[in-house]
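Novice: What follows is a single structure, and I will ask about it in a moment.
The values are calculated or read from the model by the stated rules, or taken from the named source; none is laboratory data. If you're wondering where the values come from, they're calculated on a predicted model, not measured in any experiment. Here the Cβ positions follow ideal geometry from the backbone for every residue, glycine too, while neighbour counts run over all protein chains shown. Remember, those area values only see protein heavy atoms, side chains included, never the ligands or the DNA or RNA. Shrake-Rupley method; radii C 1.70, N 1.55, O 1.52, S 1.80 Å.
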Amino acid sequence: MSPFSMGAKAPDHTETHYFPKTAADHLHAAPVNMDHKAYQRLKRGKLTPDARIDLHGMTLDRAHPALTRFIMGAHAKGHRLVLVITGKGAAPDPYDPAPRQRGVLRQQVPMWLQMAPLAAAVLQITPAHQRHGGAGAYYVYLRRAR
């Protein structure tokens with residue numbers, strides 16, 4: 001490395017920061033698998049969920065089996081749209097030196113819904129409209145029961 005001389009540009013030391021994508025970012029980037037008109041009505045909160053489950057406050061080991069039972073049961077009953085309430089997660093501690101992601105359930109539920117056995121029943125996952133819970137809930141549009 002040569003010494004700095006007058007009039008020369010200083011080397012660029014800007015670093016790019018990597019922020020991992022959240023579950024909501026992945027869902028926004030996912031393709032729409034359902035009817036476009038129904039999807040627009042869903043995003044605007046115009047469709048009423050057939051059933052709902054509130055996982056808010058549950059631990060991961062209680063929430064996963066509860067979600068599996070709920071989705072499989074709703075699919076068997078012929079429901080098309082269900083609401084899964086995860087909660088937003090605890091507020092971040094302003095004195096915590098390491099930044100942490102908020103809402104463990106909010107991050108895990110979309111992954112669970114895309115894995116077997118639930119993936120066979122789920123057609124679309126979308127963050128809920130504000131009137132149904134906003135960032136603390138997901139709409140899950142189920143496939144038709146065969």
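Novice: Hey, quick one: spin label on residue 146, modelled 7 Å out along Cα-Cβ, who in the range 102-130 has an amide N within reach, i.e. under 13 Å?
Specialist: Residues 120-122 fall inside that zone.
Novice: Follow-up. Plugging the Kirkwood radius over Cα pairs into Stokes-Einstein for the chain, at a temperature of 4 °C and a viscosity of 1.567 mPa s, what D comes out in µm²/s?
Specialist: Translational diffusion coefficient: 74 µm²/s.
Novice: What list of ³J(HN,Hα) couplings, whole Hz, do you get for the range 125-135 from phi and the Karplus terms 6.51, -1.76, 1.60, once you set θ to phi - 60° and write x for glycine and proline?
Specialist: Rounded to whole hertz, the list is 10, 9, x, 6, 5, 4, 5, 10, x, x, 5.
Novice: Please turn the phi angles of the range 48-56 into ³J(HN,Hα) values with the Karplus equation 6.51 cos²θ - 1.76 cosθ + 1.60 (θ = phi - 60°), one per residue in order, whole Hz, x for glycine and proline.
Specialist: Along the range 48-56, the couplings run 9, x, 6, 8, 9, 9, 10, 8, 3 Hz.
Novice: Could you look at the chain and say what percent of its accessible area is carbon and sulfur, using a 1.4 Å probe and all protein chains?
Specialist: 55
Novice: Among 80, 44, 52, which one moves the most in a GNM of the chain with springs linking Cα atoms closer than 10 Å?
Specialist: 44
Novice: Determine ³J(HN,Hα), in whole Hz, for all residues of the range 27-37 in sequence, where each value follows from phi through the Karplus function 6.51 cos²θ - 1.76 cosθ + 1.60 and θ = phi - 60°; x replaces Gly and Pro.
Specialist: Those phi angles translate into 5, 5, 7, 5, x, 7, 9, 9, 4, 4, 5 Hz.
Novice: When N is the residue count of the range 94-146, what does its C-alpha Rg come to as a fraction of 2.2 N^0.38 Å?
Specialist: Cα-based Rg divided by the globular estimate yields 1.45.
Novice: Any idea what log10 I(q)/I(0) is at q = 0.19, 0.22, 0.26 Å⁻¹ for the range 25-74, Debye with uniform C-alpha scatterers and no solvent?
Specialist: Results for the range 25-74 at q = 0.19, 0.22, 0.26 Å⁻¹ read -0.91, -1.01, -1.01.
Novice: For the chain, what is the accessible area per residue in Å² when the probe is 1.4 Å?
Specialist: Heavy-atom SASA per residue in the chain reads 69 Å².
Novice: Using just the helices of the chain, give the 222 nm mean residue ellipticity in deg cm²/dmol: DSSP H runs with n ≥ 4 each add -39,500 (n - 2.57), and the total is spread over all residues, rounded to 500.
Specialist: Estimated from H runs of four or more residues: -9000 deg cm²/dmol.
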